[in-house]
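Data block below; observations after.
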Amino acid sequence: MTMKAVVLADWNELRVEEVEQPVPGPGEILVKVTACGLCGTDLKMVQGRFQERGWPPSLPFVMGHEWTGTVVEIGPDVTRTDLQVGDQVAAENHIGCRECSNCRTGRYNLCISSARSEFKLYGHTAPGALAEYAARPAVMFHKISDSIGPLAGALVNQGSLTVHAMRRVGLAPGSTAAVFGPGLLGLMSTANAKALGAARVIIVGRGSRLSIAAEMGADEIVDYEAQDPVEAIRDLTGGLGVDYVFECAGNPSVIPQALASTKRGGKVALLGLTGGSTIPISPDKLTLDEIDLLGVRSSPNAYPAMIRLMETGAVDVSPLMHHIYPMERVGEALDALESRQAIRPIVAI
Ligand SMILES: [Zn+2]
Ligand SMILES: [Zn+2]
């Protein structure tokens, strides 16, 4: 049996092709994919900019790692009893080895064995889900209710990363936060911070995305093309700075700005990758002001919380659902991402 899939046939060459339909192996579940988002990592993979990381390990390669779908077959030896055929699910892409010291303490995003080939990172080192069907170990799936919808479930993946960011900083009720970068991570961070009780969220960016930031709950908007973001944040906080900064721009020049915008005793979370760049920072500033600088990677144990936030409407993702494409127009979807027209293009399958 074959299925349609979006295949990276050569660098910068995505094609919709017939490929072999996966069969669920022992412990696996087969899902009919309903939607898959495209992100900056996909774009860089298509351009061949992650070749040295082995993303993808070889060509041709089925893309896609931010996805949702409906269970169509439970494979042999699946021990989970809470998933049935017909359930809508969102999928994690990596669940670690479950044996190393980090996995055993719940930090499977930092699995010590993750580089070993048997621990797949689906959509990066193993085939993705930009296809009609995907099979994965049952443990990777999380059930989502119909209220989320067959397309918006594709946003659970990145939303969960921002839940992990909120946990990393330990966001307190009534606090203040600044978010640099109004892309999907920045907008989901904004919505999550508000849902968790931040009194005031300031978003820093430029262009049309800033209007969506207001829809996602931002209280104050700073256009860095019109004003200095550090001065603006200081002005808005009576000169103190914010309790938390979420750096979602992936821009190294933002990091000194983030530190300068943080209140003494505050925390800075880095959600964006900068492509291997380095940046001078003042260690004395961290020491004398006791600023915590925190890396945030992936979304360990965060899917269930994100799903509940979306199901209850505490986080409303409808302002983000404006760029939906059929599989045949995946090239257009990627162009919309590259040109910044779309915050998150979603391929409906
Ligand atoms: Zn992604
Ligand atoms: Zn591990």
| note | With the dipole of the chain defined by +1 on each Lys or Arg Cβ and -1 on each Asp or Glu Cβ, the option from H323, G54, V23 whose Cα lies farthest towards the positive pole is G54
| task | Please go through segment 1-109 and write out the trypsin sites (Lys or Arg not before Pro) that DSSP classes as loop and that have at most 15 other C-beta atoms within 10 Å. | result | R49, R80, R98
| query | Given Cα pairs under 8 Å that are at least 6 residues apart, what percent is the relative contact order of segment 99-217? | reply | 17 percent
| Peptide ranges 320-333, 240-253, 290-303 listed from the most packed, as the mean C-beta count within 10 angstrom indicates | 240-253, 290-303, 320-333
| task | Stick to Cα atoms and the Kirkwood definition of Rh, then tell me Rg/Rh for segment 159-295. | result | 0.92
| remark: By accessible area (1.4 Å), largest first, T262, T176, T287, T81 order as T81, T287, T176, T262
| query | Helix 184-195: angle to the longest alpha-carbon principal axis of the chain, degrees 0 to 90, nearest 10? | reply | 70 degrees
| field | Solvent exposure, largest accessible area first (probe 1.4 Å, DNA, RNA and ligands not counted), of E99, E92, E13 | value | E99, E13, E92
| request: Would you kindly find the accessible area of L334, with a 1.4 Å probe and non-protein molecules such as ligands, DNA and RNA excluded, rounding to the nearest 10 Å²? | output: 10 Å²
| Helical contribution to [θ] at 222 nm, DSSP H n ≥ 4, -39,500 (n - 2.57), averaged over the chain, rounded to 500 | -6500 deg cm²/dmol
| message | What does the charge count around A129 come to, taking other residues whose C-beta lies under 11 Å from its C-beta (Lys +1, Arg +1, Asp -1, Glu -1)? | response | 0
| field | Local electrostatic count at T2 - Lys and Arg +1, Asp and Glu -1, tallied over other residues with Cβ under 10 Å | value | -3
| remark: Taking Lys and Arg as +1 and Asp and Glu as -1, residues besides R200 with C-beta under 11 Å from its C-beta add up to -2
| field | At q = 0.07, 0.10, 0.11 Å⁻¹, base-10 log of I(q)/I(0) for the chain (Debye sum, equal scatterers on each alpha carbon) | value | -0.29, -0.60, -0.73
| message | Under 26 Å between alpha carbons, and skipping anything fewer than 8 positions from K263 in its own chain: which lysines qualify? | response | K194, K285
| request: Under 1.5 on a/c is rounded, so check that first for segment 267-331, then, if it is not, pick prolate when a/b is larger than b/c and oblate when it is not; a ≥ b ≥ c are the square roots of the alpha carbon gyration tensor eigenvalues. | output: oblate
| said: For segment 114-225, report the % of Cα-Cα distances exceeding 26 Å. | reply: 34 percent
| query | Using heavy-atom solvent-accessible surface (probe 1.4 Å) with all chains present, what is the largest-first order of W67, W55, W11? | reply | W11, W55, W67
| message | I'd like the distance between the alpha-carbon centres of segment 137-215 and segment 328-349, rounded to an integer number of Å. | response | 20 Å
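The values are calculated or read from the model by the stated rules, or taken from the named source; none is laboratory data. Quick caveat, the model's predicted, so the values are computed rather than measured. Neighbour counts run over all protein chains shown; Cβ positions are idealised from the backbone, glycine included. Please note that ligands, DNA and RNA were not included when accessible areas were found on the heavy atoms of the full protein model with its side chains. Shrake-Rupley method; radii C 1.70, N 1.55, O 1.52, S 1.80 Å.
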